Amino acid sequence: MKFTFWGVRGSIPAPGPGTARYGGNTTCIEVRSDDGTLIILDGGTGIFALAQNLPPGPVQANIFITHSHWDHIHGLPFFTPLFVPGSRVRLHGARDQLSGKGIEHVMAIQLQNSYFPVSEAAMAASIEYQTLDVGAKVTVGDAVIGNAEMNHPVTDLGYRIDSGGKSLFFSGDHEPYYNIHAPGDPAHAAFQLRIEERERAIDALLLGIDALIMDCSYTREEYPSKQGWGHGTFDAAFALARRCGAKRLYCTHHEPTRSDDQLEAVFAEVMARQAPLPDGLRVFLAYEGMEVELP
């Protein structure tokens with residue numbers, strides 16, 4: 001199994017000379033299972049570059065959307081196989097909390113004429129939808145994809161992909177859990193039980209993962225002023241990697257206001273603080289075009 005990062009920024013695209021090394025496109029990861037099945041994690045602006053690198057002609061693709069915030073879907077209408085006759089694109093994702101509708105609701109809203117000039121009906125590909133239940137597993141080609149609900153203001157499914165004895169997990173957006181109720185508040189205990197239940201589900205899904213791809217938007221110093229925004233820290237990602245026995249940690253969803261130089265400085269500081277790493281754990285800053293083949 002191998003994967004390629006096509007978008008590594010969070011929240012908004014950040015093109016320019018200050019982000020040229022790591023890239024300014026928002027979240028998109030291409031995964032190829034052992035039998036060549038194309039699995040795409042999220043449809044940020046990086047999905048456009050992914051599409052330009054596909055062979056010409058019809059494509060079969062399975063796109064797994066972690067959640068419906070713009071930076072994870074706003075490249076979808078520019079995924080050019082949608083306009084190629086014979087292409088088959090299946091979109092997977094969670095049910096919309098507010099409307100109760102399935103993942104097709106995301107495309108229906110995004111392709112309204114007010115936002116985009118081409119309707120789904122005008123697209124030449126065969127487009128299918130599969131709404132996923134939390135914790136359910138699906139099989140795509142030779143890959144098995146499971147999910148867990150992460151901590152974000154909307155339902156966000158983190159995905160585990162297993163193929164050929166190798167595994168990766170992508171969090172989408174994920175904030176460290178914290179109790180929103182003060183100790184002594186009648187709601188504190190019940191909320192804490194809910195937190196612990198969700199953390200156990202995540203830990204169980206990630207156990208022994210080969211590659212852990214995590215939202216590392218903030219430093220531990222930045223996080224207190226961002227609490228509740230739904231994003232993670234480098235230190236929280238390291239803690240999760242240690243807890244689940246990950247072999248590799250890939251830090252992504254880079255803060256869009258952070259230049260590449262600043263990103264490397266922050267990463268160096270975190271690596272120094274986290275040393276020594278557990279035996280077998282390697283840590284990387286994700287960048288656009290980074291290709292990984294799991295050994």
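Computed values, structure above
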{"read-out": "Förster-model FRET efficiency, 25 Å R0, Glu149 and Thr219, C-beta, rounded to 0.05", "value": "0.45"}
{"read-out": "Net length gained if the chain between Ala20 and Glu264 were fully extended (0.36 nm per residue, minus Cα distance)", "value": "86.5 nm"}
{"read-out": "Cβ-derived FRET efficiency at R0 30 Å, Gln227 paired with Leu193, nearest 0.05", "value": "0.90"}
{"read-out": "Contour excess over end-to-end distance, with Cα ends at Ile12 and Ala239 and 0.36 nm allotted per residue", "value": "79.1 nm"}
{"read-out": "Segment 243-295: projected area of the alpha-carbon convex hull, averaged over directions, in nm²", "value": "4.6"}
{"read-out": "D_trans [Stokes-Einstein, Kirkwood Rh over alpha-carbon pairs] for segment 166-295, 4 °C, 1.567 mPa s, µm² s⁻¹", "value": "82"}
{"read-out": "Degrees separating the helix 234-244 axis from the principal Cα axis of the chain, which is the longest one", "value": "90"}
{"read-out": "Cα pair distances in segment 1-46, grouped into 10 Å bins until the bin that holds the longest one, percent each", "value": "31, 43, 21, 5"}
{"read-out": "Normalised contact order of segment 76-124, rounded percent, pairs of Cα under 8 Å and 6 or more residues apart", "value": "35"}
{"read-out": "Kirkwood Rh and Cα Rg combined as Rg/Rh, segment 138-221", "value": "1.05"}
{"read-out": "Derived scalar couplings ³J(HN,Hα) [segment 117-132; Karplus, 6.51 cos²θ - 1.76 cosθ + 1.60; whole Hz; x for Gly, Pro]", "value": "x, 10, 7, 4, 4, 8, 7, 7, 6, 7, 10, 10, 10, 9, 7, 9"}
{"read-out": "Alpha carbon convex hull of segment 1-84, projected area averaged over orientations, nm²", "value": "5.6"}
{"read-out": "Shape parameters for the chain, alpha-carbon atoms, Rg then Dmax in Å", "value": "18.6, 62"}
{"read-out": "Accessible area per residue in Å² at 1.4 Å probe, computed on segment 189-295", "value": "48"}
{"read-out": "The chain: relative contact order in percent, alpha carbon pairs under 8 Å with at least 6 residues between", "value": "19"}
{"read-out": "Using a Förster distance of 22 Å, the FRET efficiency for Asp185-Leu98 (Cβ separation, nearest 0.05)", "value": "0.25"}
{"read-out": "Segment Asp35-Asp142, extension gain: residue separation times 0.36 nm, minus the distance between their alpha carbons", "value": "37.9 nm"}
{"read-out": "Isolated Cys residues of the chain, judged by Cβ distance under 4.7 Å to other cysteines", "value": "Cys28, Cys244"}
{"read-out": "Shape parameters for segment 74-161, alpha-carbon atoms, Rg then Dmax in Å", "value": "14.1, 39"}
{"read-out": "Value in Å of the Kirkwood radius, where segment 90-138 supplies the Cα pairs that are averaged", "value": "11.9"}
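The values are calculated or read from the model by the stated rules, or taken from the named source; none is laboratory data. Bear in mind the structure is a predicted one, so any value in this text is a computation, not a measurement. Every residue, glycine among them, receives a Cβ derived from its backbone with ideal geometry; neighbour counts consider all protein chains shown. Protein only, heavy atoms only, side chains kept; ligands, DNA and RNA dropped before computing areas. Shrake-Rupley method; radii C 1.70, N 1.55, O 1.52, S 1.80 Å.
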